[in-house]
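Below is one structure; the comments refer to it alone.
The values are calculated or read from the model by the stated rules, or taken from the named source; none is laboratory data. Owing to the predicted nature of the structure, the values given are computational and were not obtained by experimental measurement. Note that we place each Cβ from the backbone using ideal geometry, even for glycine, and neighbour counts take in every protein chain shown. In case anyone asks, the SASA skips ligands and DNA or RNA and just uses the protein heavy atoms, side chains included. Shrake-Rupley method; radii C 1.70, N 1.55, O 1.52, S 1.80 Å.
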Amino acid sequence: MALIDVTPEGLRCALGGFYVDPAASVDRAILTHAHADHARPGSVEYVCAQSSLEVLRARLGDDAKLVGLEYGERRRFGDVTVSLHPAGHVLGSAQVRIEHEREGVWVISGDYKRDPDPTCAPFEPLACDTFITEATFALPVYVWTDPRVVAKELFDCWRSERTHATLVFCYAFGKAQRILAHLAELTDEPVFLHGAMERLTDAYRRAGVSLAKTSPLPESASHKDYAGRLVLCPPSANRSPWMKRFKSPQTAFASGWMAVRGQKTRRGYERGFVLSDHADWPSLVKTVEETRAKRVLVTHGSSDAFARYLRESRGIDAAPLGHLYEGDEGDT
Amino acid sequence: MKRFAALYRALDGATATSEKVSLLEAYVREVSRADAAWAVYLLLDKKKSALSSGALRQRFLEASAMPEWLFEECRGHVGDTAETVALLLHALPRSDGTDESREALAALPLSTWMEDELPRCPRDDVDKQRAALVRWWSALSPWEALALNKVLTGAFRVGVSGGLVQRAVASALGVELSRVQRALTGDFAPSAALLTDLESSTAAADDSKPYPFLLAHPLEDDFVFDPARWQLEYKWDGIRGQVIKRAGQLFLWSRGEELVTPSFPDLREPLSSLPDGTAIDGEILAWSTTDDAPAPFATLQTRLQRKNLTPAVLRGAPARVVAYDLLELGGEDLRERPLAERRAALEKLVTDVALPVLSISAVLEAKSREELEALREAAHERGAEGLMLKDRESVYGIGRKRGVWWKHKREPMTVDAVLVYAQAGSGRRANLFTDYTFALWKGDELVSFAKAYSGLSDEELAELDKWIRKNTREKHGPVRVVEPELVFELAFEGIAKSARHKSGLAVRFPRILRWRRDKPAREADSVTLAEALLNPPK
């Protein structure tokens, strides 16, 4: 029996009596991070990294039963020993390390990246027997530029537009705060935040992450008040009535998908900033090799291609882990 | 290449036409005349591709260590070979040479690239191609390499229309728009002289140049028919073109501004007897050998595909021009005169020259909207696509002017077909399964019938994309064979027999009319039904 198997509810560890990022309500859920497609409400108990408690609270509500573990802290569940380790994806994101006498060590990466990010602890490579890795951007066309360079591009783009607002669309949790953290090193000028981003941004501040100054959008303001201002907003706000308050703003989207022109055009943004919280192709390959895993299972995105590449070009025993998430590539 | 790549990137990011015009205008002002001429030439897609996408891909695979299947995965995801290669440059080994030499190469002006660098990549020598490409690629950033790859393979597609380029050039040089339009229509040489000639008012006009075409809008729902105002004609289904006779020479231009004279030797000779200084707007058609009527478009198409126009081919599908409009007579530009006046002059000209290959598009009579619709219904039987309605008072404008010319096509033919294959699209549809193949029943078997790409909303595309991912039966490279379950109503403009298609039928302009969620696959139409739609040979 494998230590982890794929069930309709999600990744299950029967020997430990828990699920990782389950899609349904279960007794015990271990969460890799607080994005909505990983942390769903309704389970009895959630185990997560200590540093993700603030954001998870904002996400799951005050009634949810949350158990925080420090990174590296070992905890016994059923027949296995579990510890959480930094994944570098967003604040509080974790890889789940599961150890069993007979089955050896399994690591579930969750979402992760290897690029520097001032808002969270850096990814920790873990040696293991079986490594379950994400593959959201597992094609060699995805190679990230240094995020500090991208943040500077974004800053310059904003500063070059003095007569209209600059709207940068990005995910409300993780990306928005990462942009704010990079901007804190470049400017003292405050950034307007869409309402959907305020709670999570406050949670980051409470967790001690240093961010650029922000303010909510003024209740009544003419479009002139937005001239030369930067506004961060979630992708769902694009072309919504909310946008009418800005007169011909310049628009941009910050996401790894922006590396491909067709994606940018399809989503109708003028500019794309290639800024991702996922590992790019070289990082994925490097990470898999660093784990020295005997077997690699691949989920999300281009899992077939990545598994085939690992097998054929790197001689690693690798396979896609079902089609659990196909069609739901979680645009984070 | 650096400056041109920056322009390309900026144009790609700009959404407003006015912004694109000012970007291009700034470029034309800033760079040398030769660079500006080349940029205009490239953006108007005048340059023949130096290399096919297939060759580009092959040279990349030879030069890199990347497995072919992985490249194909990437291409399917990105949706464009030129862009895929540009994003994969990191997989190439570093070429010899210093960083300084690489930077100097990237910084060379566009005209130097076009005139001195591109010849290093000859069509017929793959080793030289590879050497040239690797040297170029290792000097360029991904965006610069993308611009170069597009220069090599053709088709920029950054939403820059001919009219936009003309406006930008006119405004950068401070010359009249109409002069720029004449100079940039048809063939021209991308040299500094192009722009210097435009600036000097004395330059001689090029005798071969056609006028920009006036295009029609589909008739709108709230259209009110006034028989006195609208001139009615058939909309013929051939190649829209211009017949130009100037300085003793005859030129035939297609609407795509391609010189097609060589394809029509049977028109060139008789039409040469037109008086000098004539420009006729009309339709080039293949004429039936049995009736006095146009042959189906398929006949003209077969003729166009022939490399060798033997006397037998010419006899089997003789060409003819049906004249719509007169743009120039006796060297005088008539475009500002009202249509009624141009029409009278056209009728006189066609009668005077009395050429069997040149007829006039008859003016039809309809006293009411009902009669108009009856004519439209009957257009099919006459071998026409529908009707044209032209304002008798209108001048011959440029491009698609609303309310001047309307096209009123007959209702398209339709069938209900089953989705069988899907492939990822390109451009803005990259990474979404949006290119579909549909099949019809032939007994108990589904045979592929038509491909269609357009007609669904973005929401439907997304929904279908999800469905395809979940219902894939087999994968053949980029093509997914899906469960034959979904039915779509397809519309098309014409249908003809074809030996090249499995169903034995080929359709023109197929598109998706709607998703028939109400129909199970078993109730889709059969090949027999589609055969019944074949044009009666008129």
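Within segment B:397-434, the residues that become at least 10 Å² less accessible when every protein chain is included than when their own chain is isolated (1.4 Å probe; DNA, RNA and ligands ignored) are B:427, B:428, B:430, B:431, B:432.
At a Förster radius of 41 Å, what calculated FRET efficiency corresponds to the Cβ-Cβ distance of residue A:76 and residue A:198, to the nearest 0.05? That pair, residue A:76 with residue A:198, gives E of 0.60.
Counts of other chain beta carbons within 10 angstrom of each beta carbon in peptide A:134-142 average 4. All distinct Cα pairs of segment B:482-538 go into the 1/r average, and the inverse of that average, the Kirkwood radius, is 12.7 Å. What the phi angles of segment B:358-364 give under the Karplus curve with 6.51, -1.76 and 1.60, with θ = phi - 60°, is a coupling list of 10, 10, 10, 6, 5, 8, 9 Hz, glycine and proline written as x. What is the log10 of I(q)/I(0) for chain A, computed with the Debye formula using one identical point scatterer on each Cα and no solvent, at q = 0.09, 0.12, 0.15, 0.16 Å⁻¹? Each listed q maps to, in turn, -0.48, -0.83, -1.23, -1.36. In whole percents, the pair-distance distribution calculated for segment A:147-273 from its alpha-carbon pairs, binned every 10 Å from zero, is 13, 48, 35, 5.
In this structure the amide hydrogen of residue B:410, modeled in the peptide plane, comes within under 5 Å of the amide hydrogens of B:386, B:387, none closer than 5 places in sequence on its chain.
Here the protein assembly as shown has 50 percent of its accessible surface on carbon and sulfur atoms, given a 1.4 Å probe and all protein chains in place.
Which FRET efficiency, nearest 0.05, do residue B:351 and residue B:304 yield, Cβ-Cβ r, R0 25 Å? It comes out at approximately 0.25. Bridge orientation summary for chain A: considering DSSP beta bridges with both residues in this region, about 35 percent are antiparallel.
Phi angles across segment B:138-143 convert, under the Karplus curve 6.51 cos²θ - 1.76 cosθ + 1.60 with θ = phi - 60°, into 3J(HN,Hα) values of 6, 8, 10, 6, x, 5 Hz, Gly and Pro given as x.
Placing unit charges on the Cβ atoms only, positive for Lys and Arg and negative for Asp and Glu, gives segment B:12-148 a dipole magnitude near 320 debye about its Cα centre.
When shorter helices are ignored and each DSSP H run of at least 4 residues is given -39500 (n - 2.57), the per-residue value for chain B at 222 nm works out to -10500 deg cm²/dmol.
You can think of it this way: the chain between residue B:497 and residue B:344 has 51.0 nm of extra reach, that is 0.36 nm per residue less the Cα-Cα gap.
Peptide packing: for B:47-53, A:267-273, the average count of neighbouring Cβ atoms within 10 Å per residue gives the ranking A:267-273, B:47-53, highest mean first. By DSSP, the beta bridges lying fully in the protein assembly as shown are antiparallel in about 65 percent of cases.
Chains B and A together bury roughly 2500 Å² of accessible surface, counting both sides and using a 1.4 Å probe on protein heavy atoms.
FRET efficiency for the pair residue A:210 and residue A:27, taken as 1/(1 + (r/R0)^6) with r the Cβ-Cβ distance and R0 = 41 Å, rounds to 0.60. Given in Å, the Rg to one decimal and the Dmax to the nearest whole number for the Cα atoms of segment B:425-471 are 12.3, 38. Quick check: from the Cα gyration tensor, does the protein assembly as shown come out rounded (a/c under 1.5), prolate or oblate? It is prolate, given that a/c is not under 1.5 and a/b is the larger ratio. Placing a pseudo-label 7 Å from each Cα along the Cα-to-Cβ vector at residue A:45 and residue B:115 gives an inter-label distance of 7.9 nm. If you build a Gaussian network model of chain A, linking Cα atoms that sit under 10 Å apart, which residue out of A:51, A:236, A:93 swings the most? In this elastic network of chain A, the residue with the biggest mean-square fluctuation among A:51, A:236, A:93 is A:236. Of the cross-linked pairs B:150/B:451; A:213/A:244; A:286/B:48; A:244/B:46; A:113/A:264, those separated by over 31 Å at the C-alpha level are A:286/B:48; A:244/B:46.
Amide H contacts for residue A:171 (H built 1.01 Å from N in the peptide plane; partners 5 or more residues away or on another chain; cut-off under 5 Å): A:176.
Taking other residues whose beta carbon is less than 12 angstrom from the beta carbon of residue B:410, and scoring Lys, Arg as +1 and Asp, Glu as -1, yields -2. When you work out D = kT/(6 pi eta Rh) for chain B at 37 °C and 0.692 mPa s, using the Kirkwood radius from C-alpha pairs as Rh and the Stokes-Einstein form, the result is 125 µm²/s.
Partners of residue B:390 within straight-line reach, counting lysines whose Cα lies under 26 Å from its Cα and excluding those fewer than 8 residues away in the same chain: B:209, B:235, B:245, B:348, B:367, B:401, B:407, B:409. Beta bridges per DSSP, both residues in segment B:308-412: antiparallel share near 70 percent. The mean number of partner chain beta-carbon atoms within 10 angstrom of a residue's beta-carbon across peptide B:68-79 is 5. In this structure the protein assembly as shown gives 42 Å² per residue of accessible area when probed at 1.4 Å with all protein chains present. Mean sequence separation of contacting Cα pairs (under 8 Å, at least six apart), scaled by the length of segment B:389-440, corresponds to a relative contact order of 28 percent. Here the Karplus relation 6.51 cos²θ - 1.76 cosθ + 1.60, evaluated at θ = phi - 60°, turns the backbone of segment A:296-304 into coupling constants of 10, 10, 10, 10, 6, x, 8, 5, 4 Hz, with x for every Gly and Pro. Close amide H pairs (under 5 Å, H built 1.01 Å from N) link residue A:273 with A:253, A:254, A:255, residues at least 5 positions away or on another chain.
Normalised by the number of residues in chain A, the average gap of Cα pairs under 8 Å and 6 or more apart makes the relative contact order 17 percent. Can you return the aspartates and glutamates within cross-link range of residue A:224? Criterion is Cα-Cα under 16 Å, with same-chain partners fewer than 8 residues away left out. Counting by Cα, and skipping residues close in sequence, residue A:224 has these aspartates and glutamates nearby: A:161.
Spin-label model, residue A:292 to residue B:131: label points 7 Å out along the Cα-to-beta-carbon direction sit 4.6 nm apart.
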